[in-house]
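What follows is one structure encoded as structure tokens, with my remarks underneath.
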Amino acid sequence: MFNIAILGFGTVGSGVYEVIKENNALLKEKTGEDIAVKRILDLREFPGTEWESLLVHDIKEIIEDKEIDVVVETMGGTSPAFEFVRDALLSGKHVTTSNKALVAAHGTELLKIAREKNVNFFFEASVGGGIPIIRTLTESYAGEHFKEITGILNGTTNYILTKMDAEGESFEKALATAQDLGYAERNPEADVEGHDTCRKIAILSSLATGKEVNFGNIHTEGITKIDTTDFEYAKHLNTSIKLFGDAKFENDKLYAFVAPVMVESSHPLFMVNDVFNGIMVEGNMLGKSMLYGSGAGKLPTASAVVADIVAIAKNKHGNVPFGWGENKQEVVDMQETSHRYFVRFMGRDSEFIEKCKSEFKDSREVYLDGKDEFALITGVLKEKDFLSALNNLSGVIKYIRTKIV
């Protein structure tokens, strides 16, 4: 018997229980093990349920149970999740988690402990939900030097932006709809301010470089300042606006950011809508590849957790080389990155338009009927040079980085 303990029996934790129960025969066929949930840690009681007898309220009952092989952490947050996972690894148990906040903040330390204790710490479900991006990077693309990873990594923000694009809804209304449907939390800050995407691109960058990427060093913007007029311009330009997590790898340096980006209809991520995620990977031999699927949700995320359990069951007697080391990866200052920009200005004074164009060489104008404003699409500029030029101009409404050729 290969015994599992689940920490946190919310959406993902209960999904893991369901997948193990429904696909038990298949899992035994894949692993040669009878996989069973032996303990569930939760503050609640769940009276009358089939799992009531499995509930415990003290982590020690799991840590000290020699028959538990794998601890599944689906609690969320960093504390007490970190302490619980650390203690599980120190006790010689394997761990898998869906918790991106935990992995981004403490992954380096937990991976080190797993190596020292000859157990495994896996986290496929922490990025991309049911998309197997982590296993793809570390196994399928193991022979690649990565050039860039770009992704729509948050289903909540993608749903909101899709509603604004397709139905002309305001940000506030689209957010309210997402909350009503359960896609967004009552406090949606982690999603709409880009923090969730930031942690995920930091994890992917750490895997790509083999070094620790501090998510706090990644420039991060959310979608709260995007409005319906931005989408009117986007439609006029045959583009859309997506929240990207982007990482470029050049000469041992990492250029990374999280921000709304205006993308052309020819871009592969243009058609990634609603709560779906899409991740593009470019390698020096591979060229470009794209993974697409459910980036969140009970069963897709639980499926990724169970895939980690299967991998652990197949490697239960030792640590599988995985993750990154303790060396720190330099993240280049956002000011040194280069982009094209979409910039909106108030008014349509011809003299002012010419002044703006003189500041931004190789730019082109964009107008919307009935709007007392205009926009420019700039050439490729370093961010510091763009901001310096922008500082010389009045009437700036906002700017958005673009993937417009």
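Coordinate-derived values only; no laboratory data. Bear in mind that the values here come from a model prediction, so they are computed numbers and not experimental data. Please note: Cβ atoms are built from the backbone with ideal geometry, for glycine as well, and neighbour counts cover all protein chains shown.
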**Message:** Taking 21 Å as the cut-off for C-alpha to C-alpha distance, list the pairs among K242/K288; K163/K235; K66/K316; K235/K288; K242/K398 that go past it.
**Reply:** K235/K288
**Prompt:** Which of the peptides 330-340, 75-85, 242-252 is most tightly packed, and how do the rest follow, judged by the mean count of other Cβ atoms within 10 Å per residue?
**Reply:** 242-252, 75-85, 330-340
**Request:** Quick one: check the C-alpha center-to-center distance for segment 143-211 versus segment 33-49, whole angstrom.
**Result:** 31
**Item:** Mean projection area, nm², convex hull over Cα of segment 3-141
**Value:** 8.6
**Message:** Using the Cα centre of the chain as the reference point, and only Cβ charges (+1 on K/R, -1 on D/E), how large is the resulting charge dipole? Debye, rounded to the nearest 20.
**Reply:** 780
**Complete:** At 25 °C in a medium of viscosity 0.890 mPa s, the chain has a Stokes-Einstein diffusion coefficient, with Rh taken as the Kirkwood radius over alpha carbon pairs, in µm² per second, of 109
**Request:** List the residues whose amide H sits under 5 Å from the amide H of G278, counting only those 5 or more places along or on another chain, with H placed 1.01 Å from N in the peptide plane.
**Result:** I152
**Message:** Counting pairwise Cα distances across segment 274-405, what percent come out greater than 18 angstrom?
**Reply:** 71
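Order 303-312, 28-37 from most to least packed using the mean count of other Cβ atoms within 10 Å. It would help to have the intermediate numbers written out before the result.
Values: 303-312: 23.2, 28-37: 14.9.
Sorting 303-312, 28-37 by mean packing, highest first, produces 303-312, 28-37.
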**Prompt:** Given only helices, namely DSSP H runs of n ≥ 4 each adding -39500 (n - 2.57), what is the per-residue ellipticity at 222 nm of the chain, to the nearest 500 deg cm²/dmol?
**Reply:** -10000 deg cm²/dmol
**Complete:** HN-Hα couplings for segment 91-104 via Karplus (6.51, -1.76, 1.60; θ = phi - 60°), in whole Hz with x for Gly/Pro, come out as 7, x, 9, 6, 9, 10, 9, 9, 8, 5, 4, 5, 5, 5
**Asked** For segment 251-291 and segment 110-133, what is the separation of their C-alpha centers, rounded to whole Å?
**Response** 23
**Asked** Based on the Cβ-Cβ distance of N392 and E326, what FRET efficiency does E = 1/(1 + (r/R0)^6) give at R0 = 41 Å, to the nearest 0.05?
**Response** 0.40
**aspartates and glutamates whose Cα lies under 18 Å from that of K361, excluding same-chain neighbours fewer than 8 positions away** = E351, E383, D385
**Message:** 7 Å from Cα along Cα→Cβ at both K235 and E148: what's the point-to-point distance in nm?
**Reply:** 2.8
**Asked** Any idea which of A101, I35, I59 is furthest toward the positive side of the dipole for segment 20-102, if Lys and Arg beta-carbons carry +1 and Asp and Glu beta-carbons -1?
**Response** A101
**Prompt:** Straight-line reach from K100: which lysines have Cα under 20 Å away, leaving out those fewer than 8 places along the same chain?
**Reply:** K112, K200, K211, K298, K328
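What are the semi-axes of the equivalent ellipsoid for segment 275-318, taken as the square roots of 5 times the Cα gyration tensor eigenvalues, largest first, in whole Å?
One finds semi-axes of 25, 19, 5 Å for segment 275-318.
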**Asked** For segment 262-405, with only Lys/Arg (+1) and Asp/Glu (-1) charged at the beta-carbon, what is the dipole magnitude about the Cα centre, in debye rounded to 20?
**Response** 480
**Prompt:** Can you run phi through the Karplus equation (6.51, -1.76, 1.60; θ = phi - 60°) for segment 28-38 and list ³J(HN,Hα) in whole Hz, with x for Gly and Pro?
**Reply:** 5, 4, 6, 10, x, 10, 7, 8, 9, 7, 9
**Request:** May I ask you to list the aspartates and glutamates whose Cα is less than 14 Å away from that of K30, ignoring any residue fewer than eight positions away on the same chain?
**Result:** D308
**Item:** Difference of contour (0.36 nm per residue) and Cα-Cα distance, M1 to N284
**Value:** 97.5 nm
**Dipole moment magnitude, nearest 20 debye, segment 217-280 about Cα centre, only Lys, Arg, Asp, Glu C-beta charged** = 60
